[in-house]
Amino acid sequence: MSYCDDAKPDSQPAKIQPIKCMNYWPVSVCENYINIQGKSMCTKNILFGRYQCCTSCAKVLKVTVNEDGIFESKDDFKFYDESCPEATDRMIAGNSWTPWCLAYKDEADGTNCETAIFQYRCYKTCNIDCGNTRAEQPPATGD
């Protein structure tokens, strides 16, 4: 799809799909880290669990990943960012990654937002899809 396909002047840029659940580190490294640190690292450390060793974590957490690399969120192991539907960029030591995200997201022919580290740090800036998550709404009253 080219940049101009179906583009409307006032339309929002297309959402980028979250990366597939897969191990971006070697399986042996992921499994050894989980064996040493415990499977809780898969849910306590989002960078590790979702973006570096996702299939190894899914396996030990008994989460099924389909052939498209998608899984249903289970407890604290989530496919979409935990800030969804109000996506935010990550913070480190009280500082936002947003300036870094803005500076580098269009490098590498505009494909940086399709990488694990950018999706982890720059969920909002990269306009990553939040799926069908919706903010909890109170039930309508019959007024």
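The values are calculated or read from the model by the stated rules, or taken from the named source; none is laboratory data. Computed from a predicted model, the values in this text were never measured in an experiment. Because the Cβ atoms are built from the backbone with ideal geometry, glycine has one as well, and the counts that use them run over all protein chains shown.
Details
- Checking each residue in region 56-70 for being polar (S, T, N, Q) and out of contact with any helix residue (DSSP H, G or I) (no Cβ under 8 Å at 6 or more places or on another chain) picks out only N66.
- For region 20-30, a residue qualifies if it is assigned to a helix (DSSP H, G or I) and surrounded by fewer than 17 Cβ atoms within 10 Å (Cβ to Cβ), and the qualifying residues are V27, S28, V29.
Table: residues versus (1) more than 17 Å from C113 (Cα to Cα); (2) at pLDDT 95 or above.
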| residue | (1), (2) |
| --- | --- |
| D10 | yes, no |
| M22 | no, yes |
| E31 | yes, yes |
| Q37 | yes, yes |
| F48 | yes, yes |
| K78 | yes, yes |
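- Which numbered condition A87 fails, given (1) at pLDDT 95 or above; (2) over 18 Å from W25 (Cβ atoms); (3) among the aliphatic types (A, V, I, L, M); (4) crowded, with 19+ Cβ neighbours inside 10 Å: (1)
- Condition broken by E114, with the remaining ones in (1) surrounded by 16 or more Cβ atoms within 10 Å (Cβ to Cβ); (2) at pLDDT 95 or above satisfied: (1)
- Identity of the residue in region 72-94, in a strand (DSSP E or B) and more than 12 Å from the chain's Cα centre (by Cα), that ends up nearest to K20 (Cα to Cα): K74
- Residues being over 14 Å from K20 (Cα atoms) and outside any loop (DSSP other than H, G, I, E, B) - total across region 49-66: 2
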